[in-house]
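Report on one structure; see the data block that follows.
The values are calculated or read from the model by the stated rules, or taken from the named source; none is laboratory data. Bear in mind that the values here come from a model prediction, so they are computed numbers and not experimental data. For neighbour counting, all protein chains shown are included, and Cβ atoms are generated from backbone atoms with ideal geometry for every residue, glycine included. All accessible areas refer to the heavy atoms of the entire protein, side chains included, with ligands and DNA or RNA removed. Shrake-Rupley method; radii C 1.70, N 1.55, O 1.52, S 1.80 Å.
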Amino acid sequence: MDERRSSSELKVSDNETFNKIQDRYSVIIEQTNLFIYDLNLINHEVYVSDNFIELTGIPFKKQAILKQMVCSKNVHPDDLDNFKNFIKHGKDGSHSHSITYRRKNPDGRYAWIRSSKKSIFNECGKLIRVLGTAQDVSAEMEAFEKIKNRAEKDALTDIPNLLKFTVDAEELIRNNRDKSYAVVVFDIDKFRIINDLYGSKEGDGVLKYIGYILKTKISQFLHCRMYADNFAILMQYNKDSDFNNMADLLREEMKQYPLNLGVMLSFGVCKAEDETNIITLCDRASLAKKTIKGNVLKLVAYYDETLRQRGIEDKDIENEMNLALDNGEFEMYLQPKVLIATTEVVGAEALVRWVHPSKGIISPERFIPLFEKNGFIIKLDYLIWEMAFATLRKWLDEGFIPIPISVNVSRLHLHNSDIVQKFILLAEKYQVPRNLIELELTETAFLNNLDELSYLAQCLKKEGFILSMDDFGTGYSSLNMLKDVPVDVIKIDRGFLNEVVATERGKTVIQYTIAMAKKLNIEVIAEGVENFVQAEFLYEAGCETAQGYFYSKPIPIPKFEQYTFGYINN
């Protein structure tokens, strides 16, 4: 129908015709529960469905229907501007318009109303008729709000999640370019200890308490739980001391949490100066935070030029890593494991070195953490594993009595269901006895995935592989774990070794650890041995095997063969 039909065509003066229209509307109302109104401004006929009062709470007075319908006193304050614009539409020549808003019911509660209207004009542009509907959609909107809340809120702490934080923070920065903003990321120092000592329920309680503090003490700033025990805040600031004040406030509030073990926080700050991408700012703030982990004297760290340069270098490494893999730039070095009493080589650990064509040898400390983060470590591990099997095959073919080679297994492989099959296939491909391969998993991997790793260890042992727990002594459940995880070897971490041999009490700890391991038929290897004093103490304590720079640094395979077998590859 032409919306600008003449007034004579739209005339509703005949009662019979109007009654027919009302009958049609009644059928629609019964089927849809819509409130319907029809205002004919030519002959002043008005139709309002019987559920008008039920929906609006407004007493129906035909003579004042328009005034009653545009009354805004019961509209929710947050929806008032949109409601006024809705009413205005039609007067300005527009034809159709819709709105969803909240209106207060007679009982004082707000109901969600979805209303639509169509304005009809004559050929002169004069408004002659308004057709409209309205419906209570409270149930629908409440369901939507619940879904939205689940999508935008962290389920545990009931504060915004990272997705919601990202959207709101970027919009805030974009709309306030004259103000200074920074992202502050913080986490709990040694949060794992809380879970280990008190259980995950208490750990969750700490996280909930942080959420409560953020909601009640710094609600003026956008904030969120990023993941695990990591939280983020978008701060407007004037000077750097604002960040220290914020950190001090949160630290003091955490003292109120009823836990015997003090809850300490570490903060990283990245200012939104040349960057407004929130995820990038969070990553940079997290990088700054890591630089002060374990430093009880420093509470706040800033993303600066040094870290920026490191970020650039990280990007360069990531850009080159796949090509380096294809070009064979990653090489396997071997570090001897020796009998302390005789210095006879009885094993080796396979370690990777990146031999860059222009930069020379890149230290693994520079790229391994990055590869752990981006997942490239999986490909690199596969490469070193195959090199280890191939080397053992070579020794067997050349008539040498082979010595076991241990390879590192990143924690990322724990989620790979075919890891056991991978080692089986390599052993079959190179026809290498499985007891010549020792698989090293870090102690922290056991701490975080005890059940999963225990099962994996049992599967690997069943297939004949040797299993080693690397970095033993770095966790807080080390001794307790030995009864649960079927490992063949533990490697005493160099940090643990350096700390404990400095005191008589520490030496006693080492001695009893070695004795207990032997009782459990677990071999002990000390890594990171750097001097004769350490080697002598370990031997007297009952440790028979060691590795470290005191004996040899990691060396290329030809040098290792010469060192071990007196063999020179011509």
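Here are the numbers:
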{"read-out": "Spatial extent of the range 342-406: Rg and Dmax, with the Cα atoms as the point set, Å", "value": "14.6, 42"}
{"read-out": "Nearest-10 value in Å² for the accessible area of Glu275, using the 1.4 Å probe", "value": "50 Å²"}
{"read-out": "Backbone HN-Hα couplings from phi across the range 284-295 [Karplus 6.51/-1.76/1.60, Hz, Gly and Pro as x]", "value": "5, 5, 5, 4, 5, 4, 5, 5, 10, 4, x, 9"}
{"read-out": "For the range 313-566, size of Cβ-based charge dipole, Lys and Arg +1, Asp and Glu -1, in debye", "value": "360 debye"}
{"read-out": "Within the range 189-255: Cβ-based charge dipole about Cα centre, in debye rounded to nearest 20 (Lys, Arg +1; Asp, Glu -1)", "value": "180 debye"}
{"read-out": "Given Lys373/Lys519; Lys118/Lys148; Lys217/Lys315; Lys373/Lys483; Lys215/Lys290, the pairs whose alpha carbons are separated by over 29 Å", "value": "Lys373/Lys519; Lys118/Lys148; Lys217/Lys315; Lys373/Lys483"}
{"read-out": "Amide H contacts under 5 Å for Leu222, placed H, 5+ residues apart", "value": "Leu234"}
{"read-out": "Accessible surface of the chain [probe 1.4 Å, protein heavy atoms]: carbon and sulfur percent", "value": "50 percent"}
{"read-out": "For the chain: span of alpha carbons on each principal axis (Å, largest first)", "value": "116, 53, 46"}
{"read-out": "Beta bridge orientation in the chain: antiparallel %, DSSP, nearest 5", "value": "70 percent"}
{"read-out": "Residue-averaged 222 nm ellipticity for the chain, from DSSP H runs of 4+ at -39500 (n - 2.57), nearest 500", "value": "-13500 deg cm²/dmol"}
{"read-out": "Over the range 153-303: Kirkwood hydrodynamic radius from C-alpha pairwise inverse distances, Å", "value": "15.5 Å"}
{"read-out": "Separation between Cα centres of the range 112-140 and the range 219-273, rounded to whole Å", "value": "50 Å"}
{"read-out": "Residue-normalised accessible area of the chain, expressed per residue, 1.4 Å probe, Å²", "value": "53 Å²"}
{"read-out": "Cross-link pairs Lys239/Lys271; Lys491/Lys518; Lys379/Lys429; Lys179/Lys298 - those with Cα-Cα distance over 21 Å", "value": "Lys179/Lys298"}
{"read-out": "Relative contact order of the chain, pairs being alpha-carbon contacts under 8 Å that are 6 or more residues apart, as %", "value": "8 percent"}
{"read-out": "Tensor-based shape of the range 313-566 (alpha-carbon gyration tensor, a/c under 1.5 rounded, otherwise prolate or oblate)", "value": "rounded"}
{"read-out": "Surface accessible to a 1.4 Å probe, Met516 within the full protein complex, Å²", "value": "70 Å²"}
{"read-out": "Euclidean distance between Cα centres, the range 344-395 to the range 503-540, Å", "value": "28 Å"}
{"read-out": "Computed magnitude of the charge dipole of the range 153-303 (debye, nearest 20; Cβ of K, R +1, Cβ of D, E -1)", "value": "180 debye"}
{"read-out": "Relative intensity, log₁₀ I(q)/I(0), of the range 373-435 from a Debye sum that treats every alpha carbon as a point, q = 0.26 Å⁻¹", "value": "-1.16"}
{"read-out": "Where Val420, Val183 fall by accessible area, highest first, once all protein chains stay in place (1.4 Å)", "value": "Val420, Val183"}
